[in-house]
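Contents: one structure, followed by commentary.
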Amino acid sequence: MITVNKLHPLFFGEIVGADLAAEPTEELRQTVQQAMDDHGVCVVRQGQITDEQHIRFARLFGPLELPPGYGSRPRGRMAPELFFAGNLDADGNILPLTPANRNVAKGAERFHADSSFNPLPSKWSMLRGVECPPSDVGGDTLFCDLRSAYDDLPQGTRDRIDSMMGIHDFWKGRAYAGLEVTDEMRARMPMPPVLHPLVRVHENGRKAVFVGGHCVGVEGMGEAEGHALVEQIYDHVTQDKYVHRHQWTPGDIVIWDNRFALHAATPLNSDKHRRDMRRATINESGDEIDAYEYRRRQQATPA
Ligand code: OGA
Ligand code: MN
């Protein structure tokens, strides 16, 4: 029997009693789908599962978005279909807390939607805690509910932003987050900006305001004015009343709908504890490819 509880007044469900180590059932798929429609973010309380079981579960809900360089990644500690979020190097040793390593982590410490800098932003992300540091040294993950935040915007603001397109720019977003961005970094990984609607509509009719760390402006507005507007909305949606803090228990899988919730990492203040977190990412449709390949195919197709 699978049950769903609500852990925050506005959103964030807890799914108890699912067995992801077993062959997935239609009951499991429907229950998780309904819980996600209702809550936008859910934690599946679960014992440890394998990468393959994690991937099999993710694929029930859409094609995987694969990490950059997927085709050339050997099977190391982790299945190459998964993204890594943690403090370990390829051999599984803890990365020391150097300024350079802290710099890289900074981007995820602003609230963001995964891959919103890509032409095809991620639908859901499923992050699994394999090894989780104790909460008092950091590493909790924060979530905010973009649907309630939209509902609470003044009517005038809602009317004004309804048909606006947000500009999502990976490098500019990183720079605004305080990361030092060099020309060399931009050249190695070119990420031209993309546009997404500032207001997104769920199948059930609920609307959400789609901002976050990668959203740096508004199409057709001056740079400063557009940036000020999306920052003002960012400040609104990240108010405490819309935020839930998740403290990780090993085995937890947190699923978030990137269209209706933002998330943020919190700093890890110790390199004495291992953090091994693995993420399966799901697209709305299309082939299982990485985002670079998606861009390449788009550019190769005549308009
Ligand atoms: C992610 C992410 C935050 C965290 O996996 O996309 O932003 O706390 N993770 O690891
Ligand atoms: Mn993320």
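The rows are residues; the columns are (1) closer than 22 Å to Asp290 by Cβ; (2) away from ligand 2 (no atom under 16 Å from the Cβ); (3) of a type in the set (Lys, Arg); (4) surrounded by 16 or more Cβ atoms within 10 Å (Cβ to Cβ).
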{"residue": "Arg158", "(1), (2), (3), (4)": "no, yes, yes, no"}
{"residue": "Ala175", "(1), (2), (3), (4)": "no, yes, no, no"}
{"residue": "Thr182", "(1), (2), (3), (4)": "no, yes, no, no"}
{"residue": "Met189", "(1), (2), (3), (4)": "yes, yes, no, no"}
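Would you mind listing the strands (runs of 3 or more DSSP E) fully within the range 79-196 where at least 1 residues are touching a Leu at 6+ places or on another chain (Cβ under 6 Å)?
In the range 79-196, 141-145, 165-168 are the strands (runs of 3 or more DSSP E) which contain 1 or more residues that are touching a Leu at 6+ places or on another chain (Cβ under 6 Å).
What number of residues in the range 82-130 are within 13 Å of ligand 2 (Cβ to nearest atom), at pLDDT 90 or above and not hydrophobic (A, V, I, L, M, F, W, C)?
Adding up the residues that qualify gives 10.
Read through the list (1) more than 10 Å from ligand 1 (Cβ to nearest atom); (2) closer than 26 Å to Arg259 by Cβ, then give the number of the only condition that Phe111 fails.
(1)
I'm trying to understand the selection: among the residues of the range 59-86, which are within 16 Å of ligand 1 (Cβ to nearest atom), in contact with a Phe, Trp or Tyr (Cβ under 8 Å, 6 or more places away or on another chain) and under 12 Å from Trp124 (Cα atoms)?
Of everything in the range 59-86, nothing turns out to be within 16 Å of ligand 1 (Cβ to nearest atom), in contact with a Phe, Trp or Tyr (Cβ under 8 Å, 6 or more places away or on another chain) and under 12 Å from Trp124 (Cα atoms).
The values are calculated or read from the model by the stated rules, or taken from the named source; none is laboratory data. Keep in mind the model is a prediction, meaning the values are calculated, not measured. Virtual Cβ from ideal backbone geometry, glycine too; neighbours counted across all protein chains shown.
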